[in-house]
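The values are calculated or read from the model by the stated rules, or taken from the named source; none is laboratory data. Just so you know, these numbers come straight off a predicted model, no measurement behind them. Cβ atoms come from the backbone with ideal geometry, glycine included; neighbour counts cover every protein chain shown. The area values use the complete protein model at the heavy-atom level, side chains included, leaving out ligands, DNA and RNA. Shrake-Rupley method; radii C 1.70, N 1.55, O 1.52, S 1.80 Å.
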Amino acid sequence: MRTLIKNGTVVTAVDQYRGDVLVEDEKITLIGTSLDMHADKVVDAAEKYVLPGGIDVHTHLDMPFGGSTSADDFESGTVAAAFGGTTSIVDFAIQYRGQTLHHAWETWMKKAEGKAVIDYGFHMIITDLNDQVEDEMDALVRQGVTSFKLFMAYRGIFMLDDGSIFKALSRTAKNGGTICMHAENGDVIDVLVQRALAEGKTAPKYHALTRPARAEAEATHRAIALAEIADVPIYIVHLSAAEALEMVTEARDRGLPAFAETCPQYLFLSYDNYEEPDFNGAKYVMSPPLRAKAKQDQLWRGLAFNDLQCISTDHCPFCMKEQKELGRNDFSKIPNGAPGIETRMSLVYDGGVRAGRISLNRFVELTSTSPAKIFGLFPRKGTIAPGSDADIVVFDPNRTVTLAAKTLHMKVDYNPYEGRQVTGATDTVLSRGRVIIENGALVGRAGSGSFLRRATR
Ligand SMILES: [Zn+2]
């Protein structure tokens, strides 16, 4: 099977040029000008960008949380990702207390199998660390699960103590894995939550008011310090607070391998959304919470100057009906998370590139190349080059769409950006050489995505 993508502008993290791209079976085999060999399929990309498929390294599909399960499974979630121009995800498998990592891995492999439309990998969430689990970390790294997520919040569910965190970091220093950290001071937050509830403060906005920026900054600083002592890189997930970014910047200025991602919601939404009337603030209940609008410029600066390396989504949708509603009388019972897997590329292109905050190359780097490099997928993914997987997005920089839950494909009954107009949208999407999105329709099929065995650092 040969596909020829003609007349487009190829954009990678470092290049931008007019070129045709030849795809044979699953790979890109040739790039040139005016290629005219026979192809089974020709895609006209005139006036459009030819981008490496987006890579979203932070999603939660089919994830149980607080008595609910995130509304997208591996089929609806990866279909939505594909519509939005994302061709690989790295989701999270969860080890619950008393379970082995292997059991968790098998459980999540089953959730994805036969359902995913695009390729997928897993980070492993460790909630219970002992000698046997440390040995299992090595085994998972050998099987291509080369990153682990730890929590400094949610005591009794996910949270690990500093000693365990340090042990896990030390283990990855030896086995080449990477620790991803949810950095918030959970114990302090728990006290603030109990105080608020005791004072009768139950509305959604108190979710944000009990998770101060400094609690994120403190944990970010501590996480980086523990990694420094263990002499290993660290990756901070969903960084939302400018105060936390300052900790990352300070560490990087000292030459430490500290990495961090932020998410579109922290760039385009703010604390003000929690003040929306009725129970609407619940739509934005996620951890860490949305922050003050005035601080967003600092995150953009971090993205532009490479103190933040990736933009992922933390896609974790819960419907308002029957799910978010669980916390109508108690903000602490609102399932944490929001949808975003489908809207990332358009939002960041529109609000980042078109708004003059980041370059087109930087857009590709933040949404594809840099996540591929940090998480062991490069150069198989994350660029347009001969030998790379043909994960390709034909992106129309001039098409304007209005974001709405009704027309998006995520299986959730609201959208945090409802009514927002964005310019820049996905046209055609190839996943390992197969066209999966064409003319606004899904032509890929469930189960065609493969598990991604990722490399070590
Ligand atoms: Zn998450």
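Please determine whether any residue of the stretch 419-432 is surrounded by 17 or more Cβ atoms within 10 Å (Cβ to Cβ), part of a strand (DSSP E or B), touching a Leu at 6+ places or on another chain (Cβ under 7 Å) and of a type in the set (A, V, I, L, M, F, W, C).
Yes: the stretch 419-432 contains one or more residues that are surrounded by 17 or more Cβ atoms within 10 Å (Cβ to Cβ), part of a strand (DSSP E or B), touching a Leu at 6+ places or on another chain (Cβ under 7 Å) and of a type in the set (A, V, I, L, M, F, W, C).
Go over the candidates Tyr284, Tyr235 one by one and state the one that is within 17 Å of Ala203 (Cα to Cα), at pLDDT 95 or above and of a type in the set (Phe, Trp, Tyr).
Every option except Tyr284 fails the conditions.
Quick one: which of Ala455, Ala385, Ala405 is assigned to a loop (DSSP other than H, G, I, E, B), closer than 21 Å to Pro339 by Cα and among the hydrophobic types (A, V, I, L, M, F, W, C)?
Ala405
Only one residue in Ala260, Ala183, Ala241, Ala196 is away from the ligand (no atom under 16 Å from the Cβ), open to solvent by less than 30 Å² (accessible area, probe 1.4 Å) and touching a helix residue (DSSP H, G or I) at 6+ places or on another chain (Cβ under 7 Å). Which one?
Ala196
Within the stretch 81-98, can one find any residue that is open to solvent by less than 10 Å² (accessible area, probe 1.4 Å) and more than 19 Å from the chain's Cα centre (by Cα)?
Yes; the residues of the stretch 81-98 include at least one that is open to solvent by less than 10 Å² (accessible area, probe 1.4 Å) and more than 19 Å from the chain's Cα centre (by Cα).
Residues of the stretch 30-41 being of a type outside the set (Asp, Glu), out of contact with any Gly (no Cβ under 9 Å at 6 or more places or on another chain) and either in a loop (DSSP other than H, G, I, E, B) or open to solvent by 90 Å² or more (accessible area, probe 1.4 Å) (or both), which ones?
If the condition is that a residue be of a type outside the set (Asp, Glu), out of contact with any Gly (no Cβ under 9 Å at 6 or more places or on another chain) and either in a loop (DSSP other than H, G, I, E, B) or open to solvent by 90 Å² or more (accessible area, probe 1.4 Å) (or both), then Ser34, Met37, His38, Ala39 are the ones that fit.
What single numbered condition from (1) within 28 Å of Arg211 (Cβ to Cβ); (2) surrounded by 24 or more Cβ atoms within 10 Å (Cβ to Cβ) fails to hold for Asn329?
(2)
Quick one: would you say Gln99 is at pLDDT 95 or above, among the polar types (S, T, N, Q) and away from the ligand (no atom under 16 Å from the Cβ)?
Taking the combined requirement at face value, the residue satisfies it.
Quick one: would you say Gly352 is out of contact with any strand residue (DSSP E or B) (no Cβ under 7 Å at 6 or more places or on another chain) and buried (at least 24 other Cβ atoms within 10 Å of the Cβ)?
Yes: the conditions hold for Gly352.
Given the residues Phe395, Phe378, which is the only one that is more than 16 Å from the ligand (Cβ to nearest atom), among the aromatic types (Phe, Trp, Tyr) and either free of Cβ contacts under 8 Å to residues at least 24 places away in the same chain or in a helix (DSSP H, G or I) (or both)?
Only one candidate qualifies: Phe378.
Identify, please: which residue in the stretch 138-153 is open to solvent by less than 10 Å² (accessible area, probe 1.4 Å) and among the polar types (S, T, N, Q) and is, among those, nearest to the ligand (Cβ to nearest atom)?
The qualifying residue nearest to the ligand (Cβ to nearest atom) is Ser147.
Being assigned to a loop (DSSP other than H, G, I, E, B) and within 15 Å of the ligand (Cβ to nearest atom) is the filter here, so list the residues in the stretch 53-70 that pass it.
If the condition is that a residue be assigned to a loop (DSSP other than H, G, I, E, B) and within 15 Å of the ligand (Cβ to nearest atom), then His60, Leu61, Asp62, Met63, Gly66, Ser70 are the ones that fit.
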